[in-house]
Amino acid sequence: MSYEFNPDSQVFEFPNPYKVENTAIICSGAVMLLAGAFTMISVRDRLAHGLNGGTLAVLVISILLLLLGIGLMARAFTRLRYFFGRNRPDSLAPVVPLDKDGDSAAAGAYKETLRQNAITYPEPKGALNGLLYSWLPNLIFAPNVIQLAAQTQFYNFLSLLATTISFLFCWLLFGREGTNGWIGLIYGVFAFVQIMRPMAKKATVNPANINAGTGKEAANVGVGGLVLLIVLAVLGPVILGMAGSHLPDLADLSINGVLLLALACALLGCAAFGLALKNQLQAAPQAIGAARVTQTLTMNAHPNKLVEELDRNLMERWFNRIPNRRYTHRSPSVSGQQGKFSAEIFEETQPRPQPGRIAAGIGHALSTPQFFWLTCLTGLATLFLIIGAIAAVIVCRHILDAQAFVTMLAFAVSQIAVGMFCYGAAHILWGRFDFVSELIWVDISGSYESANVNLGNQLSGNVQTSKSVINIESMTMRVWVSEIDTVIFGKDEARQLTGMRGLQATADDIAATLKSFGETRSMVVAPTSTEDMARAQQVGVMSHLLGGAHADAKNTLLTAALGAIAAPASTTTTEPSIEKQRFCAHCGAPAAHDARFCGKCGTALAA
């Protein structure tokens, strides 16, 4: 049913959540089509003899049955198979492009949820809502769509109950042969509006506002409508009793019994919906919402290096090699000799379906408490529609045979209306998709100072390096990581956050990796590539050769100078010779040129 991300993994393959509902709708739609075809065939021979009122009525009924059957079949066929690509489900916030910085209000709402370490639930308002939430305390933790459906159906249940009581009161106390028809007709129209009203409007609420605690309540069930029903229940019978003598006699149009049965079936559908809703509610969260780590870091490098390392680290955490959804990305801005900077990254891993949250078939649905009453509600809808189709066929037979058909027609219409009402209530709960993913938020802030670093002998060294560095002292780094549960009701609907669990080990690992990376950054420039090292070696060889030739020349000059100094005097010189003074080798005392022993220490002198 879904897009295959990885042929080696079936994690994204899950059954169609509408499988049970589709089966029921196809069955009821097929019965409607058969009923419409049967009535049209039965009236075909009558059309050859001319078109009269009865034939025209049967033809209209058969066309309506065919249209209703085709509509039901088309609804099921559009949901026979679903495909979930990488863009589904919808992101929690607008996605920031890879090469740009950006943020959004929705992303800020979810970051505030991580910061607060809890999900904010809006308080329901209204007297009837207070009664509803006192009966179902865990409803406050349900998704907003579930709460809206519960509020609407609860109000509808109270309206139908008040209508039933008012109708019984009026029928039993003021029902006479002349007014029974009007009582059934008026209350029938009113009940029909009450049954069909919840399907006439679909409210939508921004899940991000609900999660942030700033959204308005989707449905505020008040007492105004209930007061109106009570007034009608009290004054309606009196008004009918007073006006009964002035109204035409509708004795042949008595549908009171049909109306009472329709109201009972509608109340039964509301009760089944309430039980199905109760089994899908979850208890209050019991886990820590988000894991948080705060680190201080000192480094001598541009802070964007830390953001680049974080990007690489998050890439290694991609689920099933699917890129994360980037909701916030702010690169650090450094200008001038000193100042402040900040950087931020907020991403979500690819949402993946939670196992065991979808009914695989009718047998699985009936054996699972979560889907048992929902399956019963869908079965009731199918039963009501089939009964209504059969009743419509009987109506056509009565019309063609010129028999009374009003009561049977009212019965057919009421059963079809109640069946569609039950389908509409059940569809909300069938379209639930549950997902799990991780939210990762890293916030970096600090101050910097620029400096120049020179390395090597700046006067006579052969190798010198110079680099302008950014010194960052005690930078603050915060990491939030949370595993979240989200839910959608329909493939293309917005997701809503329903649960959070902090992943402390993941937060610690990200913080430790970034801290280690920052503290090991070098501020010295040196050749590191193989080509640089090879060229430096060649330059060294040439320097060694040139340095050796200069040394040989210096040694030659030095030897010549020493030889000239130490050479003996020429024998042809006319200058008088000077005897060389002798010294004792042991004590250093001077001695006469003809002495054989030192006069001071007595050591024998060299000749």
**Prompt:** Can you name the number of the only condition in (1) in a loop (DSSP other than H, G, I, E, B); (2) over 31 Å from the mean Cα position of the chain (by Cα) that PHE384 fails?
**Reply:** (1)
**Fill in**
Sole miss for PHE5 among (1) modelled with pLDDT under 75; (2) loosely packed, with under 15 Cβ neighbours inside 10 Å is condition (2)
**Request:** Run MET32 past the list (1) loosely packed, with under 15 Cβ neighbours inside 10 Å; (2) closer than 15 Å to ALA391 by Cβ and report the number of the one that doesn't hold.
**Result:** (1)
**Prompt:** Which of the following residues is of a type in the set (Gly, Ala, Ser), closer than 28 Å to SER482 by Cβ and modelled with pLDDT under 90: ALA109, ALA93, ALA118?
**Reply:** ALA118
**Request:** Specify which of the listed residues (ILE210, ILE186, ILE230) is assigned to a helix (DSSP H, G or I) and at pLDDT 70 or above.
**Result:** ILE186
**Asked** Out of the stretch 62-71, which residues are surrounded by 15 or more Cβ atoms within 10 Å (Cβ to Cβ) and either in contact with a Ser or Thr (Cβ under 6 Å, 6 or more places away or on another chain) or of a type outside the set (A, V, I, L, M, F, W, C) (or both)?
**Response** SER62, GLY69
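Of THR113, THR120, which residue is among the hydroxyl-bearing types (Ser, Thr, Tyr) and not in a helix (DSSP H, G or I)?
THR120
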**Message:** Just to be sure before I move on: is ALA93 in contact with a Phe, Trp or Tyr (Cβ under 7 Å, 6 or more places away or on another chain), surrounded by 14 or more Cβ atoms within 10 Å (Cβ to Cβ) and closer than 27 Å to VAL436 by Cα in the structure I sent?
**Reply:** yes
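In the list ALA37, ALA127, ALA76, which residue meets the criterion of being out of contact with any Pro (no Cβ under 7 Å at 6 or more places or on another chain) and crowded, with 16+ Cβ neighbours inside 10 Å? Step through it out loud before you land on a result.
Details: ALA37 fails: crowded, with 16+ Cβ neighbours inside 10 Å; ALA127 fails: crowded, with 16+ Cβ neighbours inside 10 Å.
Going through ALA37, ALA127, ALA76 in turn, the sole match is ALA76.
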**Asked** Counting just the residues of the stretch 294-311 that are surrounded by fewer than 20 Cβ atoms within 10 Å (Cβ to Cβ) and part of a strand (DSSP E or B), which one comes out farthest from the chain's Cα centre (by Cα)?
**Response** ASN300
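β-branched (Val, Ile, Thr), assigned to a strand (DSSP E or B) and at pLDDT below 85, is that true of ILE470?
When the stated conditions are applied, ILE470 passes them.
The values are calculated or read from the model by the stated rules, or taken from the named source; none is laboratory data. Quick caveat, the model's predicted, so the values are computed rather than measured. As a convention, Cβ positions derive from the backbone with ideal geometry for all residues, glycine included, and neighbour counts pool all protein chains shown.
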